[in-house]
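The values are calculated or read from the model by the stated rules, or taken from the named source; none is laboratory data. Just so we're clear, the structure is a prediction, and the values are computed from it rather than from any experiment. Heads up, the Cβs are rebuilt from the backbone with ideal geometry, glycines too, and the neighbour counts pull from every protein chain shown.
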Amino acid sequence: KYYLVDNYLKESNLMIEVQGNFFHCNPTMNINNSRRNKILHKDKSKHTYIKNKYGIEILYLWEYDINNRLELCEKLIELYIENNGELEDYHSFNYTINSNGNIELIENKYNVGY
């Protein structure tokens, strides 16, 4: 009703958002965006609304990861679907691919507040 989602996976009733580095203030990049607080508030409000209204945790794929770590994004989408939307963290920048080729959380996770 109030928000649009970038990708809705109809078969699994899951949602994926693609977050631009500058506009959505990727915390791994220390981007100085003068609208940071307003943007983060809107992103958090959208997340909270969807979680409360539909019971869905959104997977956030970040621009940097899509452009530079596509395999990680593909594996994260597969894991998200296989686990019916249940993940330890929902931001692609908090994951890596280990030496065995498996996806895992990084040790010092970044937090954007949603």
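Could you please find all residues in the range 45-100 being within 21 Å of Ser12 (Cα to Cα), of a type in the set (S, T, N, Q) and in a loop (DSSP other than H, G, I, E, B)? Correct list: Asn83, Asn84.
Among the residues of the range 30-39, the ones that are assigned to a loop (DSSP other than H, G, I, E, B) and surrounded by 13 or more Cβ atoms within 10 Å (Cβ to Cβ) come to 2 in all.
Scanning the range 10-21 for residues that are farther than 19 Å from Phe93 by Cα, touching a residue at least 24 places away in the same chain (Cβ under 8 Å) and loosely packed, with under 15 Cβ neighbours inside 10 Å gives Ser12, Asn13.
Rundown of residues vs (1) surrounded by fewer than 16 Cβ atoms within 10 Å (Cβ to Cβ); (2) farther than 18 Å from Asn94 by Cβ, yes/no style:
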| position | (1), (2) |
| --- | --- |
| Phe23 | yes, yes |
| Asn26 | no, no |
| His41 | yes, yes |
| Lys44 | yes, no |
| Asn52 | yes, yes |
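Do we have any residue at all in the range 40-51 that's within 15 Å of the chain's Cα centre (by Cα) and aliphatic (A, V, I, L, M)? Yes, the range 40-51 contains a residue that is within 15 Å of the chain's Cα centre (by Cα) and aliphatic (A, V, I, L, M). Once the range 61-114 is narrowed to residues that are among the small types (Gly, Ala, Ser) and in contact (Cβ under 8 Å) with a residue 12 or more places away in the chain, the residue that is surrounded by the fewest Cβ atoms within 10 Å (Cβ to Cβ) is Gly113.
All conditions but one from (1) closer than 22 Å to Glu107 by Cα; (2) at pLDDT 95 or above apply to Tyr49; the one that does not is (1). Regarding the range 3-13, can at least one residue be identified that is under 24 Å from Ile106 (Cα atoms) and not basic (Lys, Arg)? Among the residues of the range 3-13, not one is under 24 Å from Ile106 (Cα atoms) and not basic (Lys, Arg), which makes the answer no. Under the condition of being of a type in the set (D, E, K, R), over 16 Å from Thr28 (Cα atoms) and out of contact with any helix residue (DSSP H, G or I) (no Cβ under 9 Å at 6 or more places or on another chain), the residues counted in the range 53-99 number 6.
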